[in-house]
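Accompanying notes for the structure given below.
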Amino acid sequence: MLSIAIANQKGGTGKTTTAVSLAHRFALDGYRSLLVDIDVQGHVAVALGLEKQPGVYQAVQWFQGVGNLLIVKARERLDILPSDKTTEPAKRVLAGLDFRERILEEVLNEVRDRYDVAFVDCAPSVDVLHVAALVAADYLLVPTRLDHLAIDGVSEVIGSLAEIRRKSGKGATLLGIIPTFLDRQTNETVVQLQALAKRFGRLVLPPVPVDTRLRECPAYGQTIWEYAPHSRSVTGIVNGSGKSVGGYLQITERIKEALR
Amino acid sequence: MMTRRDPLGDLDPAVNSVLTDAARKQRIRQMPKSEQARARREAARKRIIYEIPEVIQDAIAEIAQREGMSPSSVVSLLLAEGIRSYRAKRASFYGLRRASRSPRYEWVLQEGAVESVLHNGLTSEIEETERNKALWT
């Protein structure tokens, strides 16, 4: 099983949307997928039309030897380990435990045989679960809005990853940076994409265009593949030569190529 | 123009494409108003429209589906083969065209020319020369 953490310390960069979209795409493509939500907001469950549940809280209890992991079926071949507001006290409990940064590694090891790929949707903060996600995952994806502050968040998360790797001797490999909310009409967006490309080169994956349909689909408890499979956040935008570029379909292909 | 050899280095083709488009638009915006319209027309000319008979359109769609390729790719490959044959004098338009009444072109296709090529192929230039010789002797 391969595990991919989706993180950026800046909020509102499209982490949950990216996690849900990619996990469901992999499931639709035949991969047995698990999506772990470690954000206290519990929006992964909401985006999939499910109730928020104390999955992380129970995982902390399981880590202490009490009870079982709470894993919920969301779609065909897609399960989630949900989160809710109890994740906050769970983090406080976890902070007092030995080997706390290994919790997600232990969780993923426990379910390794049941899935082909696991995605971890991180919270926009640097806490014990964020560190645990970067320790546990094989790869890291960083979605970022195309503005200066969000791109600064990219540097921060890469810095955190470098520190984790230095101190623990393990940690995720940076798989790519996903520029989100691409708006070609705004000069700032293009300038920031250029800055990102200059700094990270090939690691910058195809951008996701700004798309109202993507913002709407959680309200219906549907993923973008169900709600608007032909929308531009899926198929991308048409460039000057008439070809489609960007979008989650192209990103999924790039990820599969990179992992091959 | 931004290309793969630019200082930005090796980029994902999608990122490269977005940046190239943006750079082109930026260049056009910086031009005097009188030149902007011309530059936009030039950019739009990258897409060419040809009139292709329905029988060929259907054949392209069928091949594209069978090969799992885009119709544009199929057209490009098959045209490349046709151009190669024409340049090697293995393809001529003998018997397929008639004099045009339009001042724009000297020749237009005869009725059923495309269907004929689809079934029998193009005559080679050597065959055409032999036929011409036979007419005069």
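Observations on the structure shown:
- Considering the range A:199-209, and only residues there that are in a helix (DSSP H, G or I) and either within 7 Å of chain B (Cβ to nearest Cβ) or under 21 Å from the mean Cα position of the chain (by Cα) (or both), the residue that is nearest to residue A:177 (Cα to Cα) turns out to be A:203.
- Residue selected from the range A:142-197 under the condition of a type in the set (Ser, Thr, Tyr) and part of a helix (DSSP H, G or I), by the criterion farthest from residue A:104 (Cα to Cα): A:189
- Taken across the range A:197-212, residues that are of a type in the set (A, V, I, L, M, F, W, C) and out of contact with any strand residue (DSSP E or B) (no Cβ under 8 Å at 6 or more places or on another chain) do not occur at all.
- Here B:51, B:62 are screened, and the one residue that is more than 13 Å from chain A (Cβ to nearest Cβ), at pLDDT 85 or above and more than 30 Å from residue A:191 (Cα to Cα) is B:62.
- Residue satisfying condition, being at pLDDT 95 or above and part of a helix (DSSP H, G or I), within set A:26, A:119: A:26
- Matching option when the condition is over 14 Å from the mean Cα position of the chain (by Cα), modelled with pLDDT of 90 or more and within 15 Å of residue A:15 (Cα to Cα), among A:141, A:146, A:134, A:196: A:146
- Where helices (runs of 4 or more DSSP H) fall entirely within the range B:24-115, those with at least 3 residues that are over 22 Å from residue B:128 (Cα atoms) and in contact with a Pro (Cβ under 8 Å, 6 or more places away or on another chain) are at B:54-67.
- Checked against the criteria, residue A:20 does not count as within 23 Å of residue A:154 (Cβ to Cβ), touching a Lys or Arg at 6+ places or on another chain (Cβ under 7 Å) and not polar (S, T, N, Q).
- Top-ranked residue in the range A:210-255 [being touching a residue at least 40 places away in the same chain (Cβ under 8 Å), facing another protein chain (nearest Cβ under 10 Å) and not in a loop (DSSP other than H, G, I, E, B); ranked as surrounded by the most Cβ atoms within 10 Å (Cβ to Cβ)]: A:251
- Hits in the range B:116-137 - residues which are among the β-branched types (Val, Ile, Thr) and either part of a helix (DSSP H, G or I) or on the phi > 0 side of the Ramachandran plot (or both): B:117, B:126, B:129
- Selection of the range B:13-45 for residues being of a type in the set (S, T, N, Q) and closer than 25 Å to residue A:247 by Cβ yields B:16, B:17, B:20, B:26.
- Tallying residues that are over 19 Å from residue A:158 (Cβ atoms) and surrounded by fewer than 20 Cβ atoms within 10 Å (Cβ to Cβ) within the range A:189-209 yields 1.
The values are calculated or read from the model by the stated rules, or taken from the named source; none is laboratory data. Bear in mind that the values here come from a model prediction, so they are computed numbers and not experimental data. As a convention, Cβ positions derive from the backbone with ideal geometry for all residues, glycine included, and neighbour counts pool all protein chains shown.
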